[in-house]
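Novice: Starting off with a structure, shown below.
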Amino acid sequence: MGAHPKGDALIKDNRISQRTLGQWIADYPACLGSKVKDTFQGQLPFLFKVLSVNTALSIQAHPNRELAAKLHAQFPEHYPDNNHKPEMAIALTEFEGLCGFRPVEEIISFLKNVPEFHALVGNEAADELQSGRDNPARASLALKKCFSRMMNCEKKVFVDQLNMLVKRVSEEEAAGKDTSGNNGELLLRLHSQYPGDIGCFSIYFLNHIVLHPGEAMFLGANEPHAYLSGDCIECMACSDNTVRAGLTPKYIDVNTLCEMLNYSPAPARAKIFPSVQDTSDPCIHLYNPPVPDFTVMRIQVPPSVKQYIMSPLDCASILLVIQGEASALSDIMLHRGSVLFISANESVTLQVTSSSGMTMFRACCLL
């Protein structure tokens, strides 16, 4: 949902002559609101998605603006625009992902407990991580060396080590042993989806996070991540730039990824992004990340409320209905999956018809 040239949203209302949201915005740029129009050169600055993840999505990161411009100029076939792509995932169901580098102590523990992982990283890089563990600058450099060594292993080497590890963990599981020290359950699951893929070893570097419904994670520029399973709302800057390095059949750019990543270790809990109650509307929780491009509101209308007024904002917004039914403007019926584009400074009154209330998400750009 958005106006990116590679996926411009279609307008369903056949009374409107413009066929796509991008065409509508081009013809009526004031709909964005003056601040957004001026700041983002007349473009809607965000993309809004629902993701339903069955098998793992690739290990990836998104470039900052400077790197995006460089990659787009050099390899436009792989990097289709020059924008950055910070993004946020808000769990609809239990949602599982990998996000950011684990604390150094956890990675050192895996290097000790998983010899196949240690073999790919090598003694030299592993020793540097061990000796630099108490110095953040040294630890960050050593972490980069460890990750880069693993990602640049010859294919035969990592496939052999992966097969040995999978065989060992499978035998331990069959014998009823605890394989959590090897991250065994996740390893076998990823290997079943992407056999022989170097990305299976990334679980020893990256935090494994499980979000409960309503919890979110924010992924800034250069943050390594992969979505593993579950359903989420996703909002991001209007870009299609992704640097991939595993768990994928798509183009892999290992050198760019290893150079660009943010090698700042942090615990899994630090990656969970909190929402805050809106002071003016008790139905709204705000997810307001540290970038100007987007903010997401979670709107939960209780069953007792039969008329809900969507307050005007000084920016355009996109509303998605997750649960419940309502009518708007007398002839627009909203239900699960309905999407509305709301122009800046426009209020929408909903007549709620469902007995269980409503759950909606609204993406906007609060400058």
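The values are calculated or read from the model by the stated rules, or taken from the named source; none is laboratory data. What you are looking at is a predicted structure, and each value in this text was computed from that prediction instead of being measured. Counting neighbours? That spans all protein chains shown, and the Cβs are built from the backbone with ideal geometry, glycine included.
Novice: Mind checking whether some residue in region 320-342 is closer than 28 Å to M217 by Cα and basic (K, R)?
Specialist: yes
Novice: Could you look through region 283-297, keep only residues that are in contact with a Leu (Cβ under 8 Å, 6 or more places away or on another chain) and part of a strand (DSSP E or B), and pick out the one that is farthest from S239 (Cα to Cα)? Break it down into steps so the answer makes sense when it comes.
Specialist: Just the residues of region 283-297 that are in contact with a Leu (Cβ under 8 Å, 6 or more places away or on another chain), to begin with: 288, 292, 295-297.
Then keep just the ones that are part of a strand (DSSP E or B); that gives 295-297.
Values: T295: 16, V296: 17, M297: 21 Å.
Here the answer is M297.
Novice: Let me ask you something else. Please determine whether any residue of region 218-232 is under 23 Å from N163 (Cα atoms), in contact with a helix residue (DSSP H, G or I) (Cβ under 9 Å, 6 or more places away or on another chain) and either surrounded by 19 or more Cβ atoms within 10 Å (Cβ to Cβ) or without any contact (Cβ under 8 Å) to a residue 60 or more places away in the chain (or both).
Specialist: Yes - at least one qualifying residue is present in region 218-232.
Novice: On to the next question. Just checking, does region 280-300 include any residue being in contact (Cβ under 8 Å) with a residue 40 or more places away in the chain and more than 23 Å from P45 (Cβ to Cβ)?
Specialist: First, the residues of region 280-300 that are in contact (Cβ under 8 Å) with a residue 40 or more places away in the chain: 285, 287-300.
Pick out the ones that are also more than 23 Å from P45 (Cβ to Cβ) and you get 300.
Yes - at least one qualifying residue is present in region 280-300.
Novice: What helices (runs of 4 or more DSSP H) completely inside region 3-81 contain at least 2 residues that are under 17 Å from L340 (Cβ atoms) and either at pLDDT 95 or above or among the polar types (S, T, N, Q) (or both)?
Specialist: Output list reads 21-27.
Novice: Could you check, for region 235-250, whether at least one of its residues is touching a Phe, Trp or Tyr at 6+ places or on another chain (Cβ under 7 Å), surrounded by 15 or more Cβ atoms within 10 Å (Cβ to Cβ), of a type outside the set (A, V, I, L, M, F, W, C) and over 25 Å from R149 (Cβ atoms)?
Specialist: So far as region 235-250 goes, yes, one or more of its residues are touching a Phe, Trp or Tyr at 6+ places or on another chain (Cβ under 7 Å), surrounded by 15 or more Cβ atoms within 10 Å (Cβ to Cβ), of a type outside the set (A, V, I, L, M, F, W, C) and over 25 Å from R149 (Cβ atoms).
Novice: Let me ask you something else. If we keep just the residues of region 125-160 that are of a type in the set (D, E, K, R) and surrounded by 12 or more Cβ atoms within 10 Å (Cβ to Cβ), which is nearest to the chain's Cα centre (by Cα)?
Specialist: Residue satisfying both the conditions and the ranking: K144.
Novice: A further question follows. Restricting to region 161-200, name every residue that is of a type in the set (G, A, S) and surrounded by 15 or more Cβ atoms within 10 Å (Cβ to Cβ).
Specialist: Keep residues of region 161-200 that are of a type in the set (G, A, S), which gives 170, 174-176, 180-181, 184, 192, 196, 199.
Hits for region 161-200 are S170, G184, G199.
Novice: How about region 1-22: which of its residues are within 21 Å of C235 (Cα to Cα) and free of Cβ contacts under 8 Å to residues at least 12 places away in the same chain?
Specialist: Scanning region 1-22 gives a single hit, L10.
Novice: Identify, please: which residue in region 35-50 is farther than 15 Å from M236 by Cα and in contact (Cβ under 8 Å) with a residue 24 or more places away in the chain and is, among those, surrounded by the most Cβ atoms within 10 Å (Cβ to Cβ)?
Specialist: If we take residues in region 35-50 being farther than 15 Å from M236 by Cα and in contact (Cβ under 8 Å) with a residue 24 or more places away in the chain, then V36 is surrounded by the most Cβ atoms within 10 Å (Cβ to Cβ).
Novice: Here is a check on your reading of the model: is L206 more than 30 Å from T295 (Cα to Cα), of a type in the set (A, V, I, L, M, F, W, C), at pLDDT 95 or above and surrounded by 20 or more Cβ atoms within 10 Å (Cβ to Cβ)?
Specialist: Here the answer is no, as L206 does not meet what is asked.
Novice: Of all residues in region 161-183, count the ones that are closer than 26 Å to K250 by Cα and within 31 Å of the chain's Cα centre (by Cα).
Specialist: Of the residues in region 161-183, 6 are closer than 26 Å to K250 by Cα and within 31 Å of the chain's Cα centre (by Cα).
Novice: Tell me the residue from S327, S304, S280, S356 that is surrounded by fewer than 20 Cβ atoms within 10 Å (Cβ to Cβ), polar (S, T, N, Q) and part of a strand (DSSP E or B), please.
Specialist: S327
Novice: Quick one: V321 ticks every box in (1) in a loop (DSSP other than H, G, I, E, B); (2) without any contact (Cβ under 8 Å) to a residue 40 or more places away in the chain; (3) buried (at least 16 other Cβ atoms within 10 Å of the Cβ) bar one, so which box is it?
Specialist: Result: V321 passes all but (1).
Novice: Specify which of the listed residues (E105, E87, E94) is out of contact with any helix residue (DSSP H, G or I) (no Cβ under 7 Å at 6 or more places or on another chain), farther than 28 Å from M164 by Cβ, surrounded by fewer than 18 Cβ atoms within 10 Å (Cβ to Cβ) and not β-branched (V, I, T). Quick ask: steps written out before the conclusion?
Specialist: On the way: E105 fails: farther than 28 Å from M164 by Cβ; E87 fails: surrounded by fewer than 18 Cβ atoms within 10 Å (Cβ to Cβ).
Answer to the selection: E94.
Novice: When you scan region 257-265, do you find a residue that is loosely packed, with under 13 Cβ neighbours inside 10 Å and either in a loop (DSSP other than H, G, I, E, B) or under 16 Å from the mean Cα position of the chain (by Cα) (or both), even just one?
Specialist: No, because not a single residue in region 257-265 is loosely packed, with under 13 Cβ neighbours inside 10 Å and either in a loop (DSSP other than H, G, I, E, B) or under 16 Å from the mean Cα position of the chain (by Cα) (or both).
Novice: If you don't mind, there's one more thing I want to ask. I need every pair where a residue in region 344-367 that is among the acidic types (D, E) has its Cβ under 8 Å from the Cβ of a residue that is surrounded by fewer than 18 Cβ atoms within 10 Å (Cβ to Cβ), sequence separation at least 6 or different chains.
Specialist: Matching pairs, first to second residue: E346/P312.
Novice: Hey, another quick one. Can you report the number of residues in region 253-290 which are within 14 Å of P224 (Cα to Cα) and β-branched (V, I, T)?
Specialist: Summing the residues that are within 14 Å of P224 (Cα to Cα) and β-branched (V, I, T) in region 253-290 gives 2.
Novice: Is it fair to say L186 is of a type in the set (A, V, I, L, M), within 18 Å of S229 (Cβ to Cβ) and not in a loop (DSSP other than H, G, I, E, B)?
Specialist: Yes, satisfied.
Novice: Just for helices (runs of 4 or more DSSP H) wholly inside region 90-182: which have at least 2 residues that are under 28 Å from V53 (Cα atoms) and among the small types (G, A, S)?
Specialist: 155-174
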